[in-house]
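**Student:** After the structure tokens below, expect a handful of questions from me.
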């Protein structure tokens, strides 16, 4: 399975560090370079409607019925792109072959997702078919109806997706310039509430557009991942697929718990708490910042049930314990605005409830774009690793720098073992850094045999425990 070469360097924190340690950051912009461009299908501008409807940055009812070969000319300039697409079928992010959603029948359509495809780039095509093309990604089976990949794009102007079998109801194709390591990439994980609020609704302004309106240099890339009837246990059972399909984004925006609280789903409050912690730990292990929304309020008269306070309390507890950024308060908002719930009293109404969900997410994370938040500790559950006794509060952490394929490790206080691990956990390089005999405590290994992409560097010594994420080009 091809893994996108998403160019982003994340300086982590010592594993033994308290959860509160981290560094302030401002999100690096990744401009949308596809807006206003015409989508070509099999060498022809798709003109059944306004050809720019498929690249306008929002979902609507305009869909391409069948497509197995489509392309965009985004122009020269970007060295790397993050490309996304959405198709419309059952609306679930992944079929039950990948993520089991208890108690819900998914009317999964054949060809609802883009599978067995390759991504190509060109510098001289005129219609998305002719000219010279280079394969930059090859993807096999995939159950995702919304997906994002990073590709090399230096010297190119076109990208093209060619699938062995057509996808039906293609809705939107987008491209973002990540040449400067843009990390404004978001995966919306959730239940049918996220499915209906973040994907199904025709809204005046979606999350990306709302952020762009406030911070014009930014245009977040959205991967929409709601699945009807999903519980936190279903997510935990399928985490390897979540990592495979959405492990290359910067943020997981999570809405979870409403289905867990339903009698018959078999998820206790204790299980819910443990599952949330597992999701958080997995996200952090892959350099992803998780953000969790507070449970949506329900209309008792319609739904016949109240907001599940114990599950809501677990969310608040887990967020505080992990020092997570605060997510949107769906509980407070929809309690005050029950008219924005659907007739079932549970889901957001169309379009007002969906519009509010987009706005509440944008409001919750607006401070990120001002550099006022902090990175969580990567790859460790709180309290599971203590600071070694030989360390002290004034210890100097190692630093890892990357220049092409050269990895520079400095500020070591002792010889250490180093492992470079891909995002599936496989070690792609390991060795020792620092020579106790001559006192040299810096190293510059060159990783010629390691494919370009995202990796995690693990540094271990007698008094050193450190992890960070790097990109190798």
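**Student:** Looking at region 292-300, is at least one residue out of contact with any helix residue (DSSP H, G or I) (no Cβ under 6 Å at 6 or more places or on another chain), buried (at least 17 other Cβ atoms within 10 Å of the Cβ) and farther than 23 Å from residue 221 by Cα?
**Tutor:** Yes, region 292-300 contains a residue that is out of contact with any helix residue (DSSP H, G or I) (no Cβ under 6 Å at 6 or more places or on another chain), buried (at least 17 other Cβ atoms within 10 Å of the Cβ) and farther than 23 Å from residue 221 by Cα.
**Student:** If we scan region 236-255, do we find a residue that is in contact with a helix residue (DSSP H, G or I) (Cβ under 8 Å, 6 or more places away or on another chain) and over 27 Å from residue 83 (Cα atoms)? Steps first, please.
**Tutor:** Within region 236-255, the first condition is being in contact with a helix residue (DSSP H, G or I) (Cβ under 8 Å, 6 or more places away or on another chain), and the residues that meet it are 236, 239, 242-243, 251-255.
Subsequent filtering for residues that are over 27 Å from residue 83 (Cα atoms) retains none.
No, every residue in region 236-255 fails to be in contact with a helix residue (DSSP H, G or I) (Cβ under 8 Å, 6 or more places away or on another chain) and over 27 Å from residue 83 (Cα atoms).
**Student:** What number of residues within region 180-191 are more than 15 Å from the chain's Cα centre (by Cα) and buried (at least 24 other Cβ atoms within 10 Å of the Cβ)?
**Tutor:** Final tally of qualifying residues: 1.
**Student:** Determine which single condition residue 286 fails, assuming it passes every other condition in (1) modelled with pLDDT of 90 or more; (2) touching a helix residue (DSSP H, G or I) at 6+ places or on another chain (Cβ under 8 Å); (3) surrounded by fewer than 17 Cβ atoms within 10 Å (Cβ to Cβ).
**Tutor:** Result: residue 286 fails condition (3) only.
**Student:** Testing residue 66 on (1) farther than 22 Å from residue 221 by Cα; (2) surrounded by 19 or more Cβ atoms within 10 Å (Cβ to Cβ); (3) at pLDDT below 95; (4) in contact with a strand residue (DSSP E or B) (Cβ under 9 Å, 6 or more places away or on another chain), one condition comes back false. Which one is that?
**Tutor:** That leaves (2) as the condition not met.
**Student:** Okay, moving on. Which members of region 322-360 meet the condition of being within 21 Å of the chain's Cα centre (by Cα) and on the phi > 0 side of the Ramachandran plot?
**Tutor:** Result: 323, single match.
**Student:** OK, next. Just checking: which of the helices (runs of 4 or more DSSP H) contained wholly in region 182-287 hold 1 or more residues that are touching a strand residue (DSSP E or B) at 6+ places or on another chain (Cβ under 6 Å)?
**Tutor:** 207-214, 239-246, 269-285
**Student:** Quick one: which of 237, 164, 177 is at pLDDT below 95, under 20 Å from the mean Cα position of the chain (by Cα) and farther than 21 Å from residue 356 by Cβ?
**Tutor:** Checking each option against the conditions leaves just 237.
**Student:** Taking residue 200 as meeting all but one of (1) in contact with a helix residue (DSSP H, G or I) (Cβ under 8 Å, 6 or more places away or on another chain); (2) over 17 Å from residue 353 (Cα atoms); (3) at pLDDT below 90, write down the number of the exception.
**Tutor:** The number of the failed condition is (2).
**Student:** Of the conditions (1) modelled with pLDDT under 90; (2) over 25 Å from the mean Cα position of the chain (by Cα); (3) surrounded by fewer than 20 Cβ atoms within 10 Å (Cβ to Cβ), residue 127 clears all except one; give me its number.
**Tutor:** All conditions are met except number (1).
**Student:** Just checking, does region 142-158 include any residue being at pLDDT below 95, surrounded by fewer than 19 Cβ atoms within 10 Å (Cβ to Cβ) and part of a strand (DSSP E or B)?
**Tutor:** No, that holds for no residue.
**Student:** Conditions: (1) within 16 Å of residue 259 (Cα to Cα); (2) at pLDDT below 95. Residue 349 meets all but one. Number of the miss?
**Tutor:** It fails just one condition, (1).
**Student:** Shifting gears a bit: Among 135, 99, 41, which is the only one that is surrounded by 20 or more Cβ atoms within 10 Å (Cβ to Cβ), at pLDDT 90 or above and in the same structural domain as residue 170 (by TED's automatic domain parsing)?
**Tutor:** Residue meeting the stated conditions: 41.
**Student:** Quick one: would you say residue 283 is without any contact (Cβ under 8 Å) to a residue 40 or more places away in the chain and either under 18 Å from the mean Cα position of the chain (by Cα) or not assigned by TED's automatic domain parsing to the domain that holds residue 357 (or both)? I'd like the intermediate steps shown before the answer.
**Tutor:** Numbers: without any contact (Cβ under 8 Å) to a residue 40 or more places away in the chain: yes; either under 18 Å from the mean Cα position of the chain (by Cα) or not assigned by TED's automatic domain parsing to the domain that holds residue 357 (or both): yes.
Taking the combined requirement at face value, the residue satisfies it.
**Student:** Can I ask one more? Condition first: surrounded by 16 or more Cβ atoms within 10 Å (Cβ to Cβ), within 29 Å of the chain's Cα centre (by Cα), modelled with pLDDT of 65 or more and more than 26 Å from residue 153 (Cα to Cα). Can you find one or more residues in region 432-440 that meet it?
**Tutor:** no
The values are calculated or read from the model by the stated rules, or taken from the named source; none is laboratory data. These numbers were taken from a predicted model, which means no experiment stands behind them. Don't worry about glycine lacking a Cβ; one is built from the backbone with ideal geometry, like all the others, and counts go over all protein chains shown.
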